[in-house]
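Colleague: Just dropping this structure here.
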Number of protein chains: 2
Amino acid sequence: MPLDSKTLCLGALDAGYNTGYDIRKAFEDGPFQLYQSLSYGSIYPALNALLADGLVTCTEQAQDGRPDKKVYAITEAGRTALRAALLQPLGFDRLRSEFMFALAFAHLMSPGQVSRLLDDYARGYRELAEDLACTDADPPPGRRFLVRLGQEGCLTWARCVEKHRAALEADLTARDPAVAAGAGTGD
Amino acid sequence: MPLDSKTLCLGALDAGYNTGYDIRKAFEDGPFQLYQSLSYGSIYPALNALLADGLVTCTEQAQDGRPDKKVYAITEAGRTALRAALLQPLGFDRLRSEFMFALAFAHLMSPGQVSRLLDDYARGYRELAEDLACTDADPPPGRRFLVRLGQEGCLTWARCVEKHRAALEADLTARDPAVAAGAGTGD
DNA sequence: ATCAGCATGTAAGCCGTTACATGATTAC
DNA sequence: GTAATCATGTAACGGCTTACATGCTGAT
């Protein structure tokens, strides 16, 4: 349990996201989007718990035309706690891909359906790579590493899919003579 | 909710894993390990629900020296349900990486700690790639695609990490003059 | 001897997501 | 007008993981 919602919030705070609203964006559209997720229902209780533990401070900030803000800042104790959590043994990556699982059963779908799935999937990763490009200027070394790897990872994964799809599609049409002959099977 | 535990079990059954025990292995060490996970607490209730719905059949099989087995088989209705679930709009991949998140805060760690994390991580993916190699012979096209992509994906990800780590490590030592000078900071 | 593997199942608990509640402003 | 953005928070629901219960065999 190294990375619970409290640790995640501490990290976001250290990275410069300083309200609950902003923290969510860090995990929704920001540099962490690929690797972790966190929603309001976890963030706000976590921030309150961190405040009670003295790991963060909070300054209420009135704004005109906008709702009041609670601006949080990580304390020295908070940074120590973050460091400690990060150095505990980390669990290995866990990828959940509905797409990959679904494609294992390509033989139950029509070739057209499979091709559409592959198109969407590869496009999704290419778009993700672009989204990751737009992040803050001059980040610390670790965050730069994270963003670069994310971009390159998404792109190479998309390419990998595109490279191997031909073999899959060929195998499928070979198994489905009607389609191979151009008859159309109610696709 | 396309891929709930019932759908996952139907898929494993279609892939030839035919007991609760075996299904777990399919998600623990088998071809699905990279993409989905499922534990006993989900599998056995799911199988019973599927049986009640007529989507699978069950034959009890006594064994000598081993506990009795319940051998399940997917029915035509089950295959139809699986196909239907797979064609519903699929959620996009979700990667959870404690490592990547942790590395975003490399500036809070010593260079030595960072290097050790990187070593372990890359090695983990190389080992995973090897594990994936050992799977069944003559799988359907989709499963072959899944395994190939998994192997290549793990390997290229490991290489990607190894390619970019030098820049990270250089940035870190540049920021930490004591280490750069070889003084040693209680690492 | 002791541990890992085979084999099925239950129950509790944790944690996160989802939906709801509130409300002003700006852009389309 | 209507939707999206900013902004904080609560409550319920759902589902998965973990731990427990049971028990025999074969390997170390």
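Colleague: Look at B:E98 and say whether it is within 16 Å of DNA strand D (Cβ to nearest atom) and within 11 Å of another protein chain (Cβ to nearest Cβ). Walk me through it before giving the result.
Modeller: On the way: within 16 Å of DNA strand D (Cβ to nearest atom): yes; within 11 Å of another protein chain (Cβ to nearest Cβ): yes.
So B:E98 passes the test.
Colleague: Shifting gears a bit: Since B:S110 meets every condition but one in (1) touching a helix residue (DSSP H, G or I) at 6+ places or on another chain (Cβ under 8 Å); (2) closer than 30 Å to A:W157 by Cβ, which condition does it not meet?
Modeller: Against the list (1) touching a helix residue (DSSP H, G or I) at 6+ places or on another chain (Cβ under 8 Å); (2) closer than 30 Å to A:W157 by Cβ, B:S110 comes up short only on (2).
Colleague: Anything in segment A:1-46 that is among the charged types (D, E, K, R) and either away from chain B (no Cβ under 12 Å) or buried (at least 19 other Cβ atoms within 10 Å of the Cβ) (or both)? List them, or say none.
Modeller: Passing the criteria: A:K6, A:D14, A:D22, A:R24, A:K25, A:E28, A:D29.
Colleague: Continuing with this model, one more query. Quick one: in segment B:152-170, of everything that is basic (K, R) and open to solvent by 50 Å² or more (accessible area, probe 1.4 Å), which residue is nearest to A:V114 (Cα to Cα)?
Modeller: So, considering only residues that are basic (K, R) and open to solvent by 50 Å² or more (accessible area, probe 1.4 Å), the one nearest to A:V114 (Cα to Cα) is B:R159.
Colleague: Which of the following residues is within 21 Å of the chain's Cα centre (by Cα) and among the acidic types (D, E): A:D131, A:D68?
Modeller: Result of the check over A:D131, A:D68: A:D131.
Colleague: For B:A104, state whether it is more than 16 Å from DNA strand D (Cβ to nearest atom), under 27 Å from A:D93 (Cα atoms) and surrounded by 14 or more Cβ atoms within 10 Å (Cβ to Cβ).
Modeller: Yes: the conditions hold for B:A104.
Colleague: May I ask you to say which residue of B:T173, B:T156, B:T135 is more than 9 Å from chain A (Cβ to nearest Cβ) and in a helix (DSSP H, G or I)?
Modeller: B:T173
Colleague: Has segment A:76-90 got at least one residue that is open to solvent by 30 Å² or more (accessible area, probe 1.4 Å), within 11 Å of DNA strand C (Cβ to nearest atom) and more than 30 Å from B:R126 (Cβ to Cβ)?
Modeller: No, that holds for no residue.
Colleague: Starting from residues that are closer than 30 Å to A:M109 by Cα and among the aliphatic types (A, V, I, L, M), keep the ones in segment B:92-146 and report whichever is modelled with the lowest pLDDT.
Modeller: Out of the qualifying residues, it is B:A137.
Colleague: Still on this structure: Take segment B:141-151 and flag every residue that is more than 15 Å from A:V114 (Cβ to Cβ), open to solvent by 50 Å² or more (accessible area, probe 1.4 Å) and either more than 7 Å from chain A (Cβ to nearest Cβ) or in contact with a Cys (Cβ under 6 Å, 6 or more places away or on another chain) (or both). Give the derivation first.
Modeller: First pass over segment B:141-151, keeping only residues more than 15 Å from A:V114 (Cβ to Cβ): B:147-148, B:150-151.
Those left that are additionally open to solvent by 50 Å² or more (accessible area, probe 1.4 Å): B:148, B:151.
Listed by number, the list holds a single entry, B:Q151.
Colleague: Suppose we filter segment A:1-30 for residues that are closer than 19 Å to A:E60 by Cα and within 11 Å of DNA strand C (Cβ to nearest atom); how many remain?
Modeller: Counting residues in segment A:1-30 that are closer than 19 Å to A:E60 by Cα and within 11 Å of DNA strand C (Cβ to nearest atom) gives 3.
Colleague: Give segment A:56-68 a look and list any residue that's away from DNA strand C (no atom under 12 Å from the Cβ) and either closer than 30 Å to A:L95 by Cβ or out of contact with any Cys (no Cβ under 9 Å at 6 or more places or on another chain) (or both), or say none.
Modeller: A:T57, A:C58, A:T59, A:E60, A:Q61, A:A62, listed by residue number.
Colleague: Looking at the structure I just gave you, is B:S110 touching a residue at least 12 places away in the same chain (Cβ under 8 Å), within 11 Å of chain A (Cβ to nearest Cβ) and of a type in the set (G, A, S)?
Modeller: The answer is yes for B:S110.
The values are calculated or read from the model by the stated rules, or taken from the named source; none is laboratory data. Since this is a predicted model, take the numbers as computed values, not measurements. Glycine gets a Cβ as well: all are built from the backbone with ideal geometry, and neighbour counts include every protein chain shown. In case anyone asks, the SASA skips ligands and DNA or RNA and just uses the protein heavy atoms, side chains included. Shrake-Rupley method; radii C 1.70, N 1.55, O 1.52, S 1.80 Å.
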